[in-house]
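Heads up: the structure comes next, in structure tokens.
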Amino acid sequence: MITFPHRHLLGIKGLTEQDITYLLDRADEAVQISRQREKKTSTLRGLTQINLFFEASTRTQSSFELAGKRLGADVMNMSVGNSSVKKGETLIDTAMTLNAMHPDVLVVRHSSAGAAALLAQKVSCSVVNAGDGQHEHPTQALLDALTIRRAKGKLSRIIVAICGDVLHSRVARSNILLLNQMGARVRVVAPATLLPSGIADMGVEVYHSMAEGLKDADVVMMLRLQRERMAGAFVPSVREYFHYYGLDAEKLKAAKEDALVMHPGPMNRGVEIASEIADGPQSVIEQQVEMGVAVRMAVMETLLLSQNQGPRL
Amino acid sequence: MTRPLVLKNLRIVDPSRNLDEVGTIIVGHDGRILAAGADAQNQGAPDGAFVKDCTGLTAVPGLVDARVFVGEPGSEHRETFESASRAAAVGGVTTFIAMPDTDPVIDDIALVEFVKKTARDKAVVNVHPAAALTKGLAGEEMTEFGLLREAGAVCFTNGRRSIHDTLVLRRAMTYAREFGAVISLETRDKYLGANGVMHEGLLASWLGLAGIPRESEIIPLERDLRIAGLTKAAYHAAQISVPESAEAIRTARERGANVTCGISINNLALNENDIGEYRTFFKLSPPLRSEDDRVAMVEALADGTIDIVVSSHDPQDVDTKRLPFADAADGAIGLETLAAAALRLHHGGQVPLMRLIDAMSTRPAAIFGLDAGTLKPGAKADIAVLDLDEPWVLYKEAIVSRSKNTPFENARFTGRVVQTYVAGKLVHSA
């Protein structure tokens, strides 16, 4: 019995607590498949998945590719460079071209917010948002939630501190939405220049100091700071940023003793996170990668198997 | 020679005479008004006149839209003078000012003459060119204000762009003053909010879109107003969108500066929430602001701080709109819906009908020195006849403009333009 009423996964916004729980439960099962010797199933045999990446991403793209293959789908990767062609034209034109090839699911990453939603209006298959500009990255939030739930046994009432460049982060937006929906307490910790306007109304507690923001936290989620944003534009220097906001052993002490350390990757060691912490006992960064494949299997399986059934949005 | 015309038994709202009464409008052979008011009720009709009973309808001076982007020359696939003028006629707009942001830019006498000639040959309403304030709209060298004005340019503007160089602005304003030229500018800071695509705030943050803070409009506006005071030039803030800007205009007037301002109908009728999930037809400049801002701007219009309302008609095609939000062009068409959208403010009791018509006809005609905006005897018979209470829905198929990027698709309106006359000639009838 499929009880997931959505045709696309464009964001966490619009998902209910039940929807999220459903996906996480299925992902738990998918973890088992990935841990078996025989990892290939026939769930999506005969179906076609196209990964359409307008922004380069080795990690997310291979995670989606592996997820599709483990479900038995035929997977094709299309990486479209952003530089040489006018972005928008490429998006719609490429989408229409691909649509004519009858894919069953389109996994899209694009540098513009709303790109996945725009594409979903134009194609006749399911669309999974693999990151659109600074808007959302729903599968990342789901894999983070799965990692936390497996370690802590629950999501409600835990304290999650999201630290760093929240302003430019789609991962942060999706996580704030998901964790709030599941009843967690969300904090953001960042210099004011890296927080979006209206952040206090986004369902989070705002901190500008790691010592206060990490106090009693169950989860410390670090965000990547893009290189071009470090030198003077948003923060004065890498040195100053690491001093105040880089996660090291000293700052981590403020969190609970068994707090999880997370990072969506790729990491800038020595900028937002010290190597000893990234590789330390509290780090679940590698588990996040494993959960990524499982969550993406769950998402695609759910969307594709529900395609011919019942009402959908 | 036009056939004389008599419109009988209609309500006449003429802000130029502060007149609101039931009466008759009589138009003579020369396309000019002979009489308009209750006193014309029992006058005889001229020989051969076409007499129309308009009981229940309301006549106002034809609307004057001071900010229209056409697309000719250079982007005729979006709009031509012919198509824009037909859209204007549908909306009761009998006179509009065409912005110089074309390809090539209207910054030379020959181009002003081209606009005038094309409009005279093809347009069914009156079209006046605005000329570029600086060559190529580059914001560096001033254009030939005197010669351009003689050729027919009614104001000088940098179109969609602001003038960033304060010295250029001062010299342009100083020089323009001698020719009595009005300088009409939109203000947007070169740096603050430069990469923004919508109003800065919670909504933009959730959508992951870069915001345009209100200060991005206010700071350059306050600077412009200071220079207007310094130079004594006639300055018109083309489109303000936040109450702080209205406040700045008020303060500048108190200091004695010769300044006026306008607002786009979109900022009076819509707010940032209309963007929903990345609807690019609502991507505008200035951006749609918060509901509080919109309400405050309606008040500023009612109390006269805001002089005029413009449609900011800006035709865009799928090639510039069917894109991710941040990549899409700004702008929406608006000639056809200007009056209907404005009437919402009348029906809602926020702005009296007299003030609304003043802001869309009499006042812009006065600011830009146009022969329009009045129904007094002797005036050109440019008339919009409205059914104030007719309910209707704007369907895409009915749009006359060559481009369809309206923010009012499927919107419900109360009140529409049922007849439009230019110099006594019927150019639209619903």
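The values are calculated or read from the model by the stated rules, or taken from the named source; none is laboratory data. All figures in this text were calculated on a predicted structure; none of them were measured in a lab. Counting neighbours? That spans all protein chains shown, and the Cβs are built from the backbone with ideal geometry, glycine included. Protein only, heavy atoms only, side chains kept; ligands, DNA and RNA dropped before computing areas. Shrake-Rupley method; radii C 1.70, N 1.55, O 1.52, S 1.80 Å.
Things to note:
- Filter result for the condition that a residue is closer than 21 Å to B:Arg416 by Cα, surrounded by fewer than 20 Cβ atoms within 10 Å (Cβ to Cβ) and either touching a Ser or Thr at 6+ places or on another chain (Cβ under 9 Å) or among the β-branched types (Val, Ile, Thr) (or both), over B:Asp330, B:Asp371, B:Asp358, B:Asp389: B:Asp389
- Residue in region A:167-181 that is under 19 Å from the mean Cα position of the chain (by Cα), open to solvent by less than 20 Å² (accessible area, probe 1.4 Å) and more than 14 Å from chain B (Cβ to nearest Cβ) present: yes
- Residues in region B:265-281 that are open to solvent by 20 Å² or more (accessible area, probe 1.4 Å), away from every other protein chain (no Cβ under 14 Å) and hydrophobic (A, V, I, L, M, F, W, C): 1 in all.
- Residue match in region B:414-428 (condition: assigned to a loop (DSSP other than H, G, I, E, B) and either at negative phi or surrounded by fewer than 22 Cβ atoms within 10 Å (Cβ to Cβ) (or both)): yes
- Residue match in region A:255-262 (condition: farther than 26 Å from A:Pro138 by Cβ, open to solvent by 50 Å² or more (accessible area, probe 1.4 Å) and without any contact (Cβ under 8 Å) to a residue 12 or more places away in the chain): yes
Let's see how each residue does on (1) aliphatic (A, V, I, L, M); (2) under 14 Å from the mean Cα position of the chain (by Cα); (3) modelled with pLDDT under 95:
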site	(1), (2), (3)
A:Ser63	no, yes, no
A:Arg70	no, no, no
A:Thr90	no, no, yes
A:Leu106	yes, no, no
A:Arg150	no, no, no
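- Scanning region B:228-247 for residues that are open to solvent by 10 Å² or more (accessible area, probe 1.4 Å), touching a strand residue (DSSP E or B) at 6+ places or on another chain (Cβ under 9 Å) and assigned to a helix (DSSP H, G or I) returns a single hit, B:Gly229.
- Segments classed as helices (runs of 4 or more DSSP H), wholly inside region A:222-305, with at least 1 members that are under 30 Å from A:Ser42 (Cβ atoms) and of a type in the set (Val, Ile, Thr): A:285-305
- Subset of region A:114-130 [within 11 Å of chain B (Cβ to nearest Cβ), touching a helix residue (DSSP H, G or I) at 6+ places or on another chain (Cβ under 9 Å), open to solvent by less than 10 Å² (accessible area, probe 1.4 Å) and not in a loop (DSSP other than H, G, I, E, B)]: A:Ala115, A:Leu119
- Residue among B:Leu284, B:Leu335, B:Leu343 that is under 18 Å from B:Val93 (Cα atoms), in a loop (DSSP other than H, G, I, E, B) and more than 14 Å from chain A (Cβ to nearest Cβ): B:Leu335
- Scan region B:3-22 for residues that are assigned to a strand (DSSP E or B), crowded, with 21+ Cβ neighbours inside 10 Å and out of contact with any Cys (no Cβ under 6 Å at 6 or more places or on another chain) and the total you get is 5.
- Residue pairs whose Cβ atoms lie under 7 Å apart, sitting 6 or more positions apart in sequence or on different chains, and linking a residue in region A:267-278 that is touching a residue at least 60 places away in the same chain (Cβ under 8 Å) to a partner that is of a type in the set (A, V, I, L, M), are A:Glu272/A:Met222; A:Glu272/A:Leu223; A:Glu272/A:Leu225; A:Glu272/A:Leu247.
- Reported count of residues in region B:249-260, each being open to solvent by 10 Å² or more (accessible area, probe 1.4 Å) and either of a type in the set (A, V, I, L, M, F, W, C) or assigned to a loop (DSSP other than H, G, I, E, B) (or both), is 4.
- Residue satisfying all of: in region A:205-232; among the aliphatic types (A, V, I, L, M) and open to solvent by 20 Å² or more (accessible area, probe 1.4 Å); farthest from the other protein chains (Cβ to nearest Cβ) among these: A:Ala211
- The condition of being surrounded by fewer than 24 Cβ atoms within 10 Å (Cβ to Cβ), closer than 21 Å to A:Ile285 by Cα and among the basic types (Lys, Arg) holds for only one of A:Arg157, A:Arg187, that being A:Arg187.
- The condition of being open to solvent by 50 Å² or more (accessible area, probe 1.4 Å), away from chain A (no Cβ under 14 Å), at pLDDT 95 or above and out of contact with any Ser or Thr (no Cβ under 8 Å at 6 or more places or on another chain) holds for only one of B:Glu222, B:Glu215, that being B:Glu222.
- Helices (runs of 4 or more DSSP H) wholly inside region A:131-215 that include at least 3 residues being free of Cβ contacts under 8 Å to residues at least 24 places away in the same chain and under 22 Å from A:Val289 (Cβ atoms): none
- Going through (1) closer than 23 Å to B:Leu209 by Cα; (2) away from chain B (no Cβ under 14 Å); (3) modelled with pLDDT under 95 one by one, A:Ser111 falls short only on (2).
- Some residue of region A:245-268 being within 14 Å of another protein chain (Cβ to nearest Cβ) and more than 27 Å from A:Asp28 (Cα to Cα): no
- Residues in region B:36-53 that are within 23 Å of B:Arg355 (Cα to Cα) and open to solvent by less than 10 Å² (accessible area, probe 1.4 Å): B:Ala36, B:Gly37.
- Matching residues in region B:335-346 - criterion: being surrounded by fewer than 24 Cβ atoms within 10 Å (Cβ to Cβ) and touching a Gly at 6+ places or on another chain (Cβ under 7 Å): B:Leu343
Every residue, every condition in (1) among the small types (Gly, Ala, Ser); (2) within 30 Å of B:Asp389 (Cβ to Cβ), yes or no:
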residue: B:Asn18; (1), (2): no, yes
residue: B:Gly28; (1), (2): yes, no
residue: B:Lys52; (1), (2): no, yes
residue: B:Thr58; (1), (2): no, yes
residue: B:His77; (1), (2): no, no
residue: B:Ala89; (1), (2): yes, yes
residue: B:Gly92; (1), (2): yes, yes
residue: B:Pro100; (1), (2): no, no
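- Residues located in region B:392-413, provided they are among the hydrophobic types (A, V, I, L, M, F, W, C), part of a strand (DSSP E or B) and open to solvent by 10 Å² or more (accessible area, probe 1.4 Å): B:Trp392, B:Val393
- Scanning region B:350-379 for residues that are in contact with an Asp or Glu (Cβ under 6 Å, 6 or more places away or on another chain) and over 24 Å from B:Asp39 (Cβ atoms) returns a single hit, B:Arg363.
- Selection within region A:54-68 - in a helix (DSSP H, G or I) and surrounded by 17 or more Cβ atoms within 10 Å (Cβ to Cβ): A:Thr60, A:Gln61, A:Ser63, A:Phe64, A:Glu65, A:Leu66, A:Ala67, A:Gly68
- Residues of region B:301-327 classified as part of a helix (DSSP H, G or I), surrounded by fewer than 23 Cβ atoms within 10 Å (Cβ to Cβ) and away from every other protein chain (no Cβ under 14 Å), total: 1
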